[in-house]
1. Taking S46 as the residue in question, decide whether it is touching a residue at least 40 places away in the same chain (Cβ under 8 Å), under 24 Å from the mean Cα position of the chain (by Cα) and outside any helix (DSSP H, G or I).
2. Which one is modelled with the highest pLDDT among residues in the stretch 23-53 that are β-branched (V, I, T) and either open to solvent by 100 Å² or more (accessible area, probe 1.4 Å) or touching a Leu at 6+ places or on another chain (Cβ under 9 Å) (or both)?
3. Within the stretch 19-40, track down each residue that is under 14 Å from E5 (Cβ atoms), among the hydrophobic types (A, V, I, L, M, F, W, C) and in contact with a Pro (Cβ under 9 Å, 6 or more places away or on another chain).
4. Among the residues in the stretch 13-22, are any among the hydroxyl-bearing types (S, T, Y), open to solvent by 100 Å² or more (accessible area, probe 1.4 Å), modelled with pLDDT of 85 or more and at negative phi?
5. Return the pairs, sorted by first residue and then second, in which the second residue is part of a loop (DSSP other than H, G, I, E, B) and open to solvent by 60 Å² or more (accessible area, probe 1.4 Å), the first residue lies in the stretch 22-37 and is without any contact (Cβ under 8 Å) to a residue 24 or more places away in the chain, the beta carbons are less than 6 Å apart, and the residues are 6+ apart or on different chains.
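The values are calculated or read from the model by the stated rules, or taken from the named source; none is laboratory data. These numbers were taken from a predicted model, which means no experiment stands behind them. So basically every Cβ, Gly included, is an ideal-geometry build from the backbone, and we count neighbours across all protein chains shown. Accessible surface is based on the protein model in full, side chains and every heavy atom, while ligands, DNA and RNA are left aside. Shrake-Rupley method; radii C 1.70, N 1.55, O 1.52, S 1.80 Å.
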Amino acid sequence: MPLYEYELCEGDCKVCGGKFTLNRPLSAKPLTNCPACKKPVRKLLSTFNSPSKISLGAAKKAGFKVYKKISKGEYERQ
């Protein structure tokens, strides 16, 4: 389920802090009001986290299997 970031259209709120993040299915209707304070909200454009470069050690620690190409069509597990 994707994460969506929202902020209040106007003012501030002690309950939601004026900004909040929700897990919502793609099929859900657009959120127009804060679930906590019921004030109007707008969806924010947000970025995603994508590592620019990952080391072999980090990949192994994350649970990925790492293979090295030894010849055409043949790979060896590291």
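1. yes
2. So in the stretch 23-53, the residues β-branched (V, I, T) come out as 32, 41, 47.
Filter again for either open to solvent by 100 Å² or more (accessible area, probe 1.4 Å) or touching a Leu at 6+ places or on another chain (Cβ under 9 Å) (or both), leaving 41, 47.
Working: V41: 92, T47: 69.
Residue satisfying both the conditions and the ranking: V41.
3. Within the stretch 19-40, F20, L22, C34 qualify.
4. Filtering the stretch 13-22 down to residues among the hydroxyl-bearing types (S, T, Y) leaves 21.
Imposing the further condition that a residue be open to solvent by 100 Å² or more (accessible area, probe 1.4 Å) reduces the set to none.
Checked against the condition, which is being among the hydroxyl-bearing types (S, T, Y), open to solvent by 100 Å² or more (accessible area, probe 1.4 Å), modelled with pLDDT of 85 or more and at negative phi, the stretch 13-22 yields no hits at all.
5. Between residues of the stretch 22-37 that are without any contact (Cβ under 8 Å) to a residue 24 or more places away in the chain and residues that are part of a loop (DSSP other than H, G, I, E, B) and open to solvent by 60 Å² or more (accessible area, probe 1.4 Å), the close pairs are N23/M1; A36/V15.
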